[in-house]
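The values are calculated or read from the model by the stated rules, or taken from the named source; none is laboratory data. The model shown is predicted, which means the values in this text are computed figures rather than measured ones. Virtual Cβ from ideal backbone geometry, glycine too; neighbours counted across all protein chains shown.
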Amino acid sequence: MVRDNSSSELVGYFSIKAGLISLNEHEEIVVDSITGKETRKTVFDTLPGVELANFAVNDSYIKKYPENKGVGLIIFRSFIMPIIQEAAKSIGIKILYLFALPYQDLISRYKSYGFSRLDDPYEDQLHSRLKPSYDESCKFMYQRL
Amino acid sequence: MATPTRFGKPCMTNLPKELGIAIFKQILSTPKPDYEKIDAEAKALEKKILEARQKRNAQGNSAR
């Protein structure tokens, strides 16, 4: 939780968790770098990352202090990113990602924080894998670290 | 009765090979964000907020 240091009011909160993107196990021909011998192996590719699982700014705080609108960017750069950058030194995380509710203003804000979206066909395929069509899909957004 | 909208997170694990490789490629070929620019925006915003706070506090003090 992030609090205002003069009034102790709640400004916002966030939570992060370790995660990954992974492919199904599949077979690949692996070449031994010393002998040059080719062998067929089952491989499991992953892209380790950190998920920004929750992130919100307190509406009431912004209504009370409208001049603080945009404080989410300060929370993101001054509180969230230092934790992630410190973690990246000791564990092999490559990306920061989140699942944004499908609201255009929210997605635009995350873009201004440096997040990108996948191309449309991939987003559509991700949604159709496991979710019924009447569910709305959150948008996977990511940035490289 | 209206049905409430349900939101689901796409599953990013056990991706089928072709989709997964395409997603990996897109992610790994995306340039890193321009952190200097984003930090400059954050600093400018922080400065603006602190100035507005000082102004508000000064008005509060002078009203007493």
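Numbers at a glance
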| item | result |
| --- | --- |
| Any strands (runs of 3 or more DSSP E) falling wholly within the range A:1-90 and containing at least 2 residues that are at pLDDT 90 or above and under 18 Å from B:Ala42 (Cα atoms) | A:10-22, A:46-57 |
| Subset of the range A:25-75 [within 10 Å of chain B (Cβ to nearest Cβ) and either on the phi > 0 side of the Ramachandran plot or free of Cβ contacts under 8 Å to residues at least 12 places away in the same chain (or both)] | A:Tyr65, A:Pro66, A:Glu67, A:Lys69, A:Gly70, A:Ile74 |
| Members of the range B:9-64 that are of a type in the set (Ser, Thr, Tyr) and in a loop (DSSP other than H, G, I, E, B) | B:Thr13, B:Thr30 |
| Residues of the range A:47-91 satisfying the condition of being over 15 Å from the mean Cα position of the chain (by Cα) and within 21 Å of B:Met12 (Cα to Cα) | A:Ile91 |
| Output for the range A:68-122, where each listed residue is β-branched (Val, Ile, Thr), closer than 30 Å to B:Lys17 by Cβ and surrounded by 15 or more Cβ atoms within 10 Å (Cβ to Cβ) | A:Ile84, A:Ile93, A:Ile95, A:Ile107 |
| Residue within the range B:22-45 that is exposed (fewer than 12 other Cβ atoms within 10 Å of the Cβ), more than 9 Å from chain A (Cβ to nearest Cβ) and either touching a strand residue (DSSP E or B) at 6+ places or on another chain (Cβ under 7 Å) or closer than 22 Å to A:Tyr122 by Cα (or both) present | yes |
| Checklist (1) in contact with a strand residue (DSSP E or B) (Cβ under 6 Å, 6 or more places away or on another chain); (2) closer than 20 Å to A:Pro48 by Cα; (3) more than 8 Å from every other protein chain (Cβ to nearest Cβ) applied to A:Lys89, failing item | (1) |
| Residue within the range A:118-140 that is of a type in the set (Gly, Ala, Ser), at the interface with chain B (Cβ under 7 Å from one of its Cβ atoms) and under 22 Å from B:Ala44 (Cα atoms) present | no |
| Tally of residues being of a type in the set (D, E, K, R) and under 20 Å from A:Asn58 (Cβ atoms) across the range A:68-91 | 2 |
| Qualifying positions in the range B:26-47 - farther than 18 Å from A:Ile80 by Cβ and among the hydrophobic types (A, V, I, L, M, F, W, C) | B:Ile27, B:Leu28, B:Ala44 |
| Leading residue by the ranking (farthest from the other protein chains (Cβ to nearest Cβ)) among those in the range A:92-110 that are of a type outside the set (A, V, I, L, M) and in contact (Cβ under 8 Å) with a residue 24 or more places away in the chain | A:Gly92 |
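Results for (1) within 22 Å of A:Tyr122 (Cα to Cα); (2) surrounded by 10 or more Cβ atoms within 10 Å (Cβ to Cβ); (3) modelled with pLDDT under 90, shown as yes or no for each residue.
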{"position": "B:Pro4", "(1), (2), (3)": "no, no, yes"}
{"position": "B:Met12", "(1), (2), (3)": "yes, yes, no"}
{"position": "B:Lys47", "(1), (2), (3)": "no, yes, no"}
{"position": "B:Ala63", "(1), (2), (3)": "no, no, yes"}
